[in-house]
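Just below is one structure, and these are the notes that go with it.
The values are calculated or read from the model by the stated rules, or taken from the named source; none is laboratory data. Only a predicted model underlies this, so the values are computations on that prediction, with no experimental measurement involved. Note: ideal-geometry Cβ built from the backbone for every residue, glycine included; neighbour counts use all protein chains shown.
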Amino acid sequence: MAVGTGNTADAYGLNTGKQAPGREADLLLIDAPKGSGCDDGLTSLEHGDVPSVSLLMIDGQIRSVGTRNTLPPKRLPEIRAS
């Protein structure tokens, strides 16, 4: 992930594009939908399937686990307090 976004952020002096304490964090975790023959979200995309949203994080805050706009994911993320 940081190869494309991190290098761009470095080139433009942005506080984004990498996962690290103190950096701005917007993340979208995807997975294959339940019942899919694919093992993960990337494989779903490669096969032309619509992946399922597992988690949405905006400004470092979890905004959604799962969604009503996609099929349920095969796995939900495990969330641990730090």
### Task
State whether the residues of segment 50-66 include one that is out of contact with any Leu (no Cβ under 7 Å at 6 or more places or on another chain) and surrounded by 16 or more Cβ atoms within 10 Å (Cβ to Cβ).
no
Within segment 67-82, the residues that are among the aliphatic types (A, V, I, L, M) and either surrounded by 15 or more Cβ atoms within 10 Å (Cβ to Cβ) or in contact with a His (Cβ under 8 Å, 6 or more places away or on another chain) (or both) are L71
Determine if segment 6-15 includes at least one residue that is within 29 Å of A81 (Cβ to Cβ), modelled with pLDDT of 85 or more and among the hydroxyl-bearing types (S, T, Y). no
Here the residues within segment 26-78 that are in contact with a Ser or Thr (Cβ under 8 Å, 6 or more places away or on another chain) and of a type in the set (A, V, I, L, M) are L29, I30, A32, V50, V53, L55, L56, V65, L71, L76
For segment 63-82, pairs from a residue that is within 13 Å of L29 (Cβ to Cβ) to a residue that is assigned to a loop (DSSP other than H, G, I, E, B) and among the aliphatic types (A, V, I, L, M), with Cβ under 9 Å and 6 or more apart or across chains, are V65/L76; V65/I79; G66/L76; T70/V50; P73/A32; K74/A32; R75/A32
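Could you tell me which residue of segment 28-41 is nearest to the chain's Cα centre (by Cα), considering only residues that are within 29 Å of L14 (Cα to Cα) and either free of Cβ contacts under 8 Å to residues at least 12 places away in the same chain or surrounded by 15 or more Cβ atoms within 10 Å (Cβ to Cβ) (or both)?
My answer is L29.
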Exception for A9 within (1) free of Cβ contacts under 8 Å to residues at least 12 places away in the same chain; (2) exposed (fewer than 15 other Cβ atoms within 10 Å of the Cβ) falls at (2)
Condition set part of a loop (DSSP other than H, G, I, E, B) and of a type in the set (S, T, N, Q), scope segment 22-72, selection farthest from G6 (Cα to Cα): answer is S36
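Considering only residues that are farther than 21 Å from E78 by Cβ and of a type in the set (A, V, I, L, M), which ones fall in segment 13-39? Before the answer, list the steps.
If we filter segment 13-39 for residues that are farther than 21 Å from E78 by Cβ, which is where we start, we get 13-18, 22-24, 35, 37.
Answer for segment 13-39, where residues must be farther than 21 Å from E78 by Cβ and of a type in the set (A, V, I, L, M): just L14.
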Restricted to segment 73-82 and to residues being within 15 Å of the chain's Cα centre (by Cα) and part of a loop (DSSP other than H, G, I, E, B), the residue modelled with the highest pLDDT is K74
